[in-house]
Each structure stands twice: as C-alpha cells, then as structure tokens.
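The values are calculated or read from the model by the stated rules, or taken from the named source; none is laboratory data. Quick caveat, the model's predicted, so the values are computed rather than measured. When we count neighbours, we look across all protein chains shown, and the Cβ atoms used for this are built from the backbone with ideal geometry, even at glycine.
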Amino acid sequence: MIKISSLVEQMVNRSPFLSEALSEGMINISALARKLQPEISQQLGRNIKEGAIIMAIKRMPFGNLLQTEKSIQSFFKKLNDISVRSNLNAYNFQNSSGLMESQARLLDHIRKFPKGFCTFSQGVSETTIIIGEQFEQIMESLFNKEKLLDKKVKLSAITLILPVENRSLYGIYYYILKELAYHGINLIELISTSNEFTIIVIQEDLNQAFKILNDLRNR
C-alpha cells in the first residue's frame, strides 16, 4: 500500500525547482498541499485531508538534495576555464539534400582561419550554423540556394570547459540554466560536447551572463 509520505515525496521530486525551494523555506506549504491534494486523493482512492499532506511535506528528507548541492559546489570550484567569443551570427536552415555539401564547402573555407568560430547543430528538420560575422559573405554565397528560416546577428558565445565529473554528476546543467533563467538571460542557442558547454546570447547580455557563470565558482 502506498503511503501518503512516499507519494508526496515522489510528486515533489518531479520538479527540481520545487524541491530546492522547499528545502530553502521559500514555498507556502499549505498552498502546495492544496495543489497536490486532488492528485494524491485520486491515486490513493480516497479523500486525503490537507493536514495530512502538510505533515508529509514537513517531514520530507532533503538530505539527498543537500548532498547534491555540496557536490555541485565542489564541482564548480574546479571550473577554471571560461572563454568568450563575440561578433557571431546564427543561421537556421531547413534541412535539404544539398545542405551538407554546402557545410563541407564552408568547412573547407574556414579551415584556413584556425581562430575562426563555427559550430553546426543538426536537428530532424533544420540545422543551425553559428559562425563569426567575418564569414557572412561566404555564408551568403555558399548557402544561397538553401531555405533560410532565421538569422540572428550580434551574438556572443560563452564556453565552459567542464571537469570530467560532469558526465556522472547529477544536476550540473540544471544549476547553470537556473541561474541564467533567474536573472532573465535569454539563451539563443546551447551547444554541448562531452566536456564543453557553450551558451549563445545577444551581445547586450554578455557581461551579465559571464558574471553569473563566473560567480558559480565562488559560491
């Protein structure tokens, strides 16, 4: 038989935002209990009083969450390399049979510029290319037959070189994105490899975004 406490903990843990806010005392427990009451009553097959849910919330163990936060803090203290690239453009194309050929020609061109910035993100139906604005002319020439869905200019990239623990430690990207969202930073694009995490923002947001990410190391 499912206990109220187990069900409450399960529902709260579905949202990292909610469990973290509860552990910091930022949530109105009575309001949360009222919100959870209909689903809990339905799953248990009987009417569950609000007071029982409140008690279950107050007794929730947050030890695992606190331990995760300590691990995250230790992780970010090892974050030593943050690089910035500015003056970038983002092109979003509809996928086509000729798009990859155009990409190959572009790579052949920019390999002559070892410090040039260029990334490709290919989805099911579209591909995004983020590249230094100095390559704008060659982009327009090579991709003139492709369907351009969107173009954004005056962008910046912030790249974090992550310690190897990022592949096994839960919550890394959550903490990064939470801080950016909390401060109202709009992300144009995210680029991720095994040990690198890059965010693309408009240049007006660059200084604030860099400060937020840099501050993660000092908390």
Per the filter on region 111-125, residues outside any loop (DSSP other than H, G, I, E, B) and either hydrophobic (A, V, I, L, M, F, W, C) or exposed (fewer than 12 other Cβ atoms within 10 Å of the Cβ) (or both) are Cys118, Phe120
Residue identified as farther than 30 Å from Lys70 by Cα, under 17 Å from the mean Cα position of the chain (by Cα) and not aliphatic (A, V, I, L, M) among Ser141, Ser192, Ser121, Ser125 | Ser121
Of these, Leu142, Leu190, which one is closer than 30 Å to Gly98 by Cβ, loosely packed, with under 14 Cβ neighbours inside 10 Å and modelled with pLDDT of 90 or more?
-> Leu190
Mind checking which pairs have a first residue in region 26-54 that is under 16 Å from Ile2 (Cα atoms) and without any contact (Cβ under 8 Å) to a residue 40 or more places away in the chain and a second that is surrounded by 14 or more Cβ atoms within 10 Å (Cβ to Cβ) and small (Gly, Ala, Ser), Cβ under 7 Å, 6 or more apart or different chains?
-> Asn47/Ser41
Kindly check whether there is at least one residue in region 191-212 that is small (Gly, Ala, Ser), outside the structural domain of Ala21 (by TED's automatic domain parsing), touching a strand residue (DSSP E or B) at 6+ places or on another chain (Cβ under 9 Å) and not in a helix (DSSP H, G or I).
-> yes
Would you say Lys147 is assigned by TED's automatic domain parsing to the domain that holds Asn214, surrounded by 15 or more Cβ atoms within 10 Å (Cβ to Cβ), among the charged types (D, E, K, R) and at pLDDT 95 or above?
-> no
Are any of the residues in region 79-99 in a helix (DSSP H, G or I) and polar (S, T, N, Q)?
-> no
For Thr128, the lone unmet condition from (1) surrounded by 15 or more Cβ atoms within 10 Å (Cβ to Cβ); (2) farther than 30 Å from Leu162 by Cα is (2)
Within region 182-203, tally of residues that are under 20 Å from Asn166 (Cα atoms) and small (Gly, Ala, Ser) = 2
